[in-house]
1. Calculate, for A329 and D188, the FRET efficiency according to 1/(1 + (r/R0)^6) with r their C-beta to C-beta distance and R0 30 Å; round to the nearest 0.05.
2. Need one number: nm distance between label points at K287 and L104, each 7 Å from Cα along Cα→Cβ, rounded to one decimal.
3. If I take every Cα pair under 8 Å that is 6 or more residues apart in region 205-334, average their sequence separation and divide by the length, what percent do I get for the relative contact order?
4. Report the local net charge at G244: Lys and Arg +1, Asp and Glu -1, summed over other residues whose C-beta lies under 14 Å from its C-beta.
5. May I ask which of K91/K177; K91/K198; K91/K268; K91/K287 have a Cα-Cα span longer than 22 Å here?
6. Restricted to Cα positions, what overall size does region 233-341 have along the principal axes? Three whole-Å values, descending.
7. Order of 293-305, 180-192 by packing, highest average Cβ count within 10 Å first?
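Rule-based calculations on the coordinates, nothing more; no lab input. Given the structure is predicted, the values throughout are model-derived calculations rather than measurements. Don't worry about glycine lacking a Cβ; one is built from the backbone with ideal geometry, like all the others, and counts go over all protein chains shown.
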Amino acid sequence: MLDGEPMTDSRPHSTSGTAPPRTSSQSEGRSSWQRILSVGTAGVLAGLVLFGSGVAQAEPSEEELREEIEDRNDELEEVIEEYNGKREELKDAEDLIDQINEDLPESEAAVEEARDQIADLVTNAHINGDTAFVNAVLSGNSGNIADRMSYLETLTANEQADLQEFVDNVQELEQKKKELETLQEDADEIISDLEEQKEEIEADVADLEYLLDQVTAPEVPDARQPNYNGDNSEVVNFALNQQGEPYVWGSAGPDSWDCSGLVLGSWKQAGVSLPHNVNMQWNQVAKVSRSELQPGDIVFYSGLSHNALYIGNGEVVHAPQTGDVVRVADMDMMGIAGFGRP
C-alpha cells in the first residue's frame, strides 16, 4: 500500500516571484495538465523574467497571482480526486485478494476430498483395472474431466452426482486462482499509477505553495460553534469541530482534510461508510432537491471534484484547497451539481 498521507508545508523560500526550477527527474513524464499549468504559471510570473531585450516587465499583482492560484487549485483538485478514486479501487482489489486467499485453503481441501472419493468411484467401476486411465481422469483439468468420465457408464446416479460435485469444485478453485492472478496484476498496476501520480501532485503542490507565499494569507473567519442539535447532529458538529484545520490533499483526518475526506470523516460519526472520492460519494448517496436540504446533506459542485456538508441557512462547511483551512462558506460559492443524502 502507498502512504495515503502526503507531506505538505515544505515550501521553498525566495524573494523571486518565479517558481524554482525543476530537476530533470521531476519534469520527466509529466502529464498534459501539468504542462498546461506550468505554462499558466509562467505567463503570470513572466513579469519577473528578463527577456532578451534586457527589459524587466512589471511584477504580477496580488490579484493576478490569486487568479493563477485559483485556476491551479481547480485543476489540481480534479487530479487529487482522481488519485483518491484510484486509492479506493486499490482498497477494493486488496479486499478481494484477501478474501480469495482466505477461501483458497477451503476450496483446495474440498477438491482433494472430492478427488479421493472419485478415485474410489473410478476404481470400483472396474474399467478393466486400467489404473493409468484412473490417473489420467483425476489429473485432467476441469475442461476435460467430464468428457473423460463420460466413459464411466457404470456409475450410479449418486456417483454421477459426486462426480459433478468434484468437477464443480475443480472449476471453482481454478476460477478463484485466475481471479486472484488478475486482481494482483490490477493492484500492481494501480500501485504503479499511484506512485507516479503522487510524485506529480507533490511537485505541483510545492509550486502552488510557492505561489501562496507570494500573496497575503487568506483571512480565516471566526469559527462557527458546533452546537447543532437536530438530525445528524454528530455529523454536522464533527465537521464544525474541524474548523481551522489545514487542507491537505489525500487526507481524511484526524488533523488535516481534503474535501471528500472531511465528508467521509464526518459521516463516519453516524456509522455511515463513504469512499474517499467525490464522484464515488455522489454515486452512493440518495439524491435530494435544494428545497429538501437538511443539515448533514452533501453539496456537490460542478465537475464533481469538490463537495461540502450543508449546515443550514444556506451555508456549508468544507475543506477548500491547498493553503486554506476547514471553514464555513456560502453554499453558492461555486456552481452546484446536486445534493445527496447518505
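1. Efficiency at R0 = 30 Å is approximately 0.15.
2. So the two model labels end up 4.3 nm from each other.
3. 27
4. Computed value for this residue: -3.
5. In this structure, K91/K287 lie more than 22 Å apart at Cα.
6. 32, 29, 24
7. The peptides rank, most packed first, as 293-305, 180-192.
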